[in-house]
1. Filter segment B:304-337 for residues that are closer than 14 Å to residue B:192 by Cα, charged (D, E, K, R) and surrounded by fewer than 21 Cβ atoms within 10 Å (Cβ to Cβ) and give the result.
2. Taking the residues in segment B:474-499 that are in a loop (DSSP other than H, G, I, E, B), of a type outside the set (S, T, N, Q) and touching a residue at least 24 places away in the same chain (Cβ under 8 Å) as candidates, determine which candidate is surrounded by the most Cβ atoms within 10 Å (Cβ to Cβ).
3. From the set of residues in segment A:137-162 that are more than 16 Å from residue A:99 (Cα to Cα) and free of Cβ contacts under 8 Å to residues at least 60 places away in the same chain, which is surrounded by the most Cβ atoms within 10 Å (Cβ to Cβ)?
4. Which one of the conditions (1) away from chain A (no Cβ under 14 Å); (2) within 26 Å of residue B:418 (Cβ to Cβ) does residue B:154 fail to meet, given that it meets all the rest?
5. So, in segment B:102-130, exactly how many residues are farther than 29 Å from residue B:305 by Cβ and within 14 Å of another protein chain (Cβ to nearest Cβ)?
6. Just to be sure before I move on: is residue B:99 within 14 Å of another protein chain (Cβ to nearest Cβ) and touching a strand residue (DSSP E or B) at 6+ places or on another chain (Cβ under 9 Å) in the structure I sent?
7. Among the residues of segment A:65-86, are any basic (Lys, Arg), out of contact with any Cys (no Cβ under 7 Å at 6 or more places or on another chain) and within 14 Å of another protein chain (Cβ to nearest Cβ)?
8. For segment B:14-29, give me each residue that is surrounded by fewer than 18 Cβ atoms within 10 Å (Cβ to Cβ) and free of Cβ contacts under 8 Å to residues at least 60 places away in the same chain.
Amino acid sequence: MQRHVLSVLVENEPGVLSRVVGLFSGRGFNIDSLNVAPALEEGVSHMTITTYGDSMILEQIMKHLHKIVSVIKVTDFADTLAVEREMMFVKVQAEGPMRGEILRTVEIFRCKVVDVSSNEMTIEATGDHDKLEAIISLLQRFGIKELARTGSVAMRRSKKAD
Amino acid sequence: MECTGAQILLESLKREGVDVLFGYPGGAVIDIYDELPRHPEIRHVLVRHEQGAVHAADGYARASGKVGICLVTSGPGATNTVTGIATAYSDSIPLVVVTGQVPTRLIGNDAFQEVDIVGITRPCTKHNFLVKDVSKLALTIRQAFYLARSGRPGPVLVDLPKDVVQARAEFVWPEDIYMRSYNPTYKPNLNQLRRTVEELTQARRPVLLSGGGVIMSNAADEVAALARRLHIPVACTLMGLGGFPATDPLSLGMVGMHGAYAANLAINNADLLVCAGARFDDRVTGKLAAFAPKARIVHIDIDPTSIRKNVEVHVPVVGDCKLALAGIMEICEARLAGRDWAAEHAEWVRAVTEWKRSKPLGYQKSENSIKPQQVVEALRELTRGDAIIATEVGQHQMWAAQFYSFTKPRTLLTSGGLGTMGYGFPAAIGAQFALPDKMVITVAGDASLQMNIQELATAVAYNLPVKVVILNNRHLGMVRQWQELFYNHNYSSTNMEAQPDFVKLAEAYGAEGYRIEKPADLLPELEKALATPKPAFIDVVVEREENVYPIVPAGAALDEMLLV
C-alpha cells in the first residue's frame, strides 16, 4: 500500500466535487486528504488527492477519475519528481516553562506562531507530509488542543537541463 | 427567432433524430407536453409508470442501436426512473432521460415534487446535467446524446427546471461537438493488436469470449470472421448472446454461472482467452482465483476501467471491438496468410466439440407437466429463431438464454448487469416501437411480470402485437432454487401461489389471454396465441420445481458445475 499524490484538473461546474468524492466512496477507495482550489485557467479547478493503494487499485483510481466526464487531466506524482507541501495550524497547550520549549521547536521546524494567549499558542507550519507528521508528534507532549490541515498540494518539478 | 425552452428541447430532439419519446406528464413538464402536439415528427408514447418509460426506451435502444429517450416529471416521476437508469448503466445502454425539475428559485427549498435527481443519479449515469440557463439547453441536449452514444455508451440525465422550460432564447444548434474533458479511444493501439496476433500464433487452445460490447459496436461479423478463419471456439456472455450464432459448430454457448458445460470447461482449459467487450463480471468468472487458470488473457474494451479491474490481463487493448477485431484479422491476413489455422487448432476444436456432444444442455421431458425449457424450445421452433426476445430476470431468463439459441445480435433484450425484475415487458414494448414489423416476445416469470404489469395498458393503447409468455411456476423460482440447493430447503417467502388469473387480467385490460397446461397442447396453442395481432399474455403452467442447470455455486470455480 503506497501513498500517492494525485493531481486532478476538473471543469469547475456544480457537482464536480461530488462526482470525484462519490467515485472514491462508491468504489471503496481511500481518500487521505483532498484539496480543491481554482486553477490557473478560468473555469478549471485543481484537486490534489492523497490516497493509498497497491498498483492495481491505483490504476483503477486513475482510470475511473479519467472516466468522469468533467475531469480534464489526472497525474500521479508517485513516479514523477514533484514538490509537495501542506499547511496546518496547531493549537497547543502553552503554559509557564513549556512556552520556551515550544518556541524552540517552532524555530527548528521554521514554523510561525500566529496566535498566542496566556495558556495556548497557535502554530502555523508548512512542509511535506513527513515534516508535518514529525511536528505533530513533537508537539503532542505539550497537549494539542486543535489541528487544522489543508491537505497536500503538489506540482511537478521543472526538467533539469542535462 | 426566440423560442421557449420547451420548443428548444423538442427541436433539439428532432435534430438528434428522435422519432419516439417514452414519457409521463406532470406539473414540472407540462409546458413541454403543451408544446409536444406541435411536433408531430416525435411520437410520444404514454406509459403507465415512469419505470416503464425508461425500460421501454432501453428496449428501443437495444433493439435498434439508437439512443432511447424518455421524459418524466420532477420528484416521484424522476425517482421512478432510477431503477431503469441503473439497469441501462449496468449494461451500457445509450439513453437520454429528461426529467422536469421545480423552478430554479425553489431548488433546495423542499418544494412540492422536488428531489435532487442529479444527486441521486450521479453514480448510475454516465453523466448528468442540471440546466439553469435556457441559452445552454440546445448545447446540453447535444452533449447528452453525444455522451450517451459515444465511447462506452450509457444513460445521461438532463434535469430541466420549469422556469428554464418557460424562458426564451435564440435557438442555436451546435453542429460540431467537442468536449475537452471527454475523448473516448476508438482506434486501438497497433502494437497491442500485433501482440494479440503474436499470442494467437503461440496458442494451442484459444477461446474467444464475446460480450455485450460486441453487440454495442456491431462487431458480430468481425467475431465470426476471426473465429472461422482462425478456427477458434467462441463463448458468449449473457450480454453477448447473438454476437456469434449459437448454431455455429464453433459456438460453445453461454459462459458463467448457468453457462454451458463446454463453454465453462473450454475457458478453464484454454491457454489463450481473447475477451472482446466483456467485463469479467462475477457471474461470468465464478471464483476469480480459479478462472481461466492456464490462459494468457487479451482484453479488448473501449472502457479502460474494465481492463485489469478483476482479472490480470496480459495484453490490454483499449478501443472499439469492431475496429480491434478487424485490425487483428487484417494483421493475420497480411502476415500469416499461409498459416493452416485449421490444423493448428484441430485437436482443440475436436476436444471442445466432444465436450459439447457429451454434456449438451438438457432437461427431462414429462408427460404430465410442461417443462419451462420446452416452452423456450417451442418458441424457437415457431419463430424460427427470428423473434426479438425480451426477458425478465430469474430462471426463465436463464432458460431463454440457454434454449433459444440466439443467432443474431440485438435479438435478446435482458437485464444482465443489474438483474432488474420488471425490465422485460416494457423493454419489449420499446423494441416493438423500434421494429414494428418484428415479432417481439417477452419471456417472463410470473413474479417478474407483476413488477411492471401495468404496461399492458400501454401495449393495448398503441395496439402493439407484443406477446408475453409466462413460464408460470407460481414461485420466485431462482431464489427457490438457491434455497433448495444451498439453504437446506428453507423456502422462505418464495411461494407465489397467490397470483392473478393472467388470462382474465389480460382480458380486463383489453388484451388477449391464453392458458396452456398440457404438454400436448403446447405447440398448437402457442402457435395460435402468437398469431394474434393483439397484445397477449400466454400463461404457460410449468413444472413448479424445475431448476436451472448447469449451475456454478456462488464462489465456486467454473469447472465445479452442478449438472443436474
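The values are calculated or read from the model by the stated rules, or taken from the named source; none is laboratory data. Values in this document were obtained by computation on a predicted structure and should not be read as measured data. Glycine gets a Cβ as well: all are built from the backbone with ideal geometry, and neighbour counts include every protein chain shown.
1. If the condition is that a residue be closer than 14 Å to residue B:192 by Cα, charged (D, E, K, R) and surrounded by fewer than 21 Cβ atoms within 10 Å (Cβ to Cβ), then B:330 is the only one that fits.
2. The selected residue is B:476.
3. Out of the qualifying residues, it is A:147.
4. Residue B:154 satisfies all of (1) away from chain A (no Cβ under 14 Å); (2) within 26 Å of residue B:418 (Cβ to Cβ) except (1).
5. Residues in segment B:102-130 being farther than 29 Å from residue B:305 by Cβ and within 14 Å of another protein chain (Cβ to nearest Cβ): 3 in total.
6. No, not satisfied.
7. Checked segment A:65-86: at least one residue is basic (Lys, Arg), out of contact with any Cys (no Cβ under 7 Å at 6 or more places or on another chain) and within 14 Å of another protein chain (Cβ to nearest Cβ).
8. Correct list: B:14, B:17, B:19.
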